[in-house]
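Read through the structure below, which is laid out as structure tokens, and then see the notes.
The values are calculated or read from the model by the stated rules, or taken from the named source; none is laboratory data. Keep in mind that what you see is a predicted model, and the values were worked out from it rather than measured. Here the Cβ positions follow ideal geometry from the backbone for every residue, glycine too, while neighbour counts run over all protein chains shown.
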Amino acid sequence: MPLTDVEICNLALGELGEYTISALTEQSKAARYCRRFYEPTVQELLREHPYRFARARATLAPDTDEPEFEWAYQHTLPATCLRVFKVGRVAQVPYTIEGRKLLTDEEAPEVYYVKRVPEADFDPLFVTALSLRIATRICMAMTDNATLYETLTKQTANALNAAKGVSGLEAPPEAERESEWVEARY
């Protein structure tokens, strides 16, 4: 069953032995810390790995402005793009990213990227890793317990490894197209 941002934060608070919250807008200490760290932590974890549940693709149109030098075209990245992990369908196309622009010599590059998806689309293993990362982030402020912090740090690493591993297995190796095999390595 999909979870909300509040429910994910409550999982984190549960790891700390804290009471749950009913909204991120509450003025409780727990809600303030969850509000501060929730979205940056989601985006950080999504940027760390191209989880299959958060993958997207687009063919970009060139901007009207050209780059000053080196590249022939610049393209504005989609608004939801958190990380580009591949450009080009079969062969990797050379590119660089500057701010929210992708620069390349391709006029209409095919871009594979990670996007910010709604919580309803989060994989359950990602939810576990996310809630543990949030718990780790707010642990010392909420509990001042260094032993718990160390335990949560280890649990987070294990949960992230599990989430990344399962995400990488979600396409059968023999049946994949070459382009998807290449993208799965990243």
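Quick check: anything in region 129-142 modelled with pLDDT under 95, over 23 Å from the mean Cα position of the chain (by Cα) and not assigned by TED's automatic domain parsing to the domain that holds THR76?
Looking only at region 129-142, we keep the residues that are modelled with pLDDT under 95, and these are none.
No - not one qualifying residue is present in region 129-142.
How many residues are touching a Ser or Thr at 6+ places or on another chain (Cβ under 6 Å) and surrounded by fewer than 19 Cβ atoms within 10 Å (Cβ to Cβ) when one looks only at region 1-45?
1
Residues in region 36-92 that are charged (D, E, K, R) and closer than 30 Å to ALA159 by Cα: how many?
The first filter runs over region 36-92 and keeps only residues charged (D, E, K, R), leaving 36, 39, 44, 47-48, 52, 55, 57, 63, 65-66, 68, 70, 83, 86, 89.
Still in the list and also closer than 30 Å to ALA159 by Cα: 36, 39, 44, 47-48, 52, 55, 57, 83, 86.
Of the residues in that region, 10 qualify.
For region 24-35, name all the residues that are without any contact (Cβ under 8 Å) to a residue 40 or more places away in the chain and within 17 Å of ALA135 (Cα to Cα).
First, the residues of region 24-35 that are without any contact (Cβ under 8 Å) to a residue 40 or more places away in the chain: 24-28, 31-32, 35.
Listed by number, the residues that qualify are LEU24, SER28, ALA31, ARG32, ARG35.
ARG89 is checked against (1) out of contact with any helix residue (DSSP H, G or I) (no Cβ under 7 Å at 6 or more places or on another chain); (2) at pLDDT below 95 and fails just one. What number does that condition carry?
Exception for ARG89: condition (1).
Which of (1) closer than 16 Å to ARG47 by Cα; (2) in contact with a helix residue (DSSP H, G or I) (Cβ under 7 Å, 6 or more places away or on another chain); (3) in a helix (DSSP H, G or I) does VAL117 not meet, given it meets every other one?
Here VAL117 clears every test but (3).
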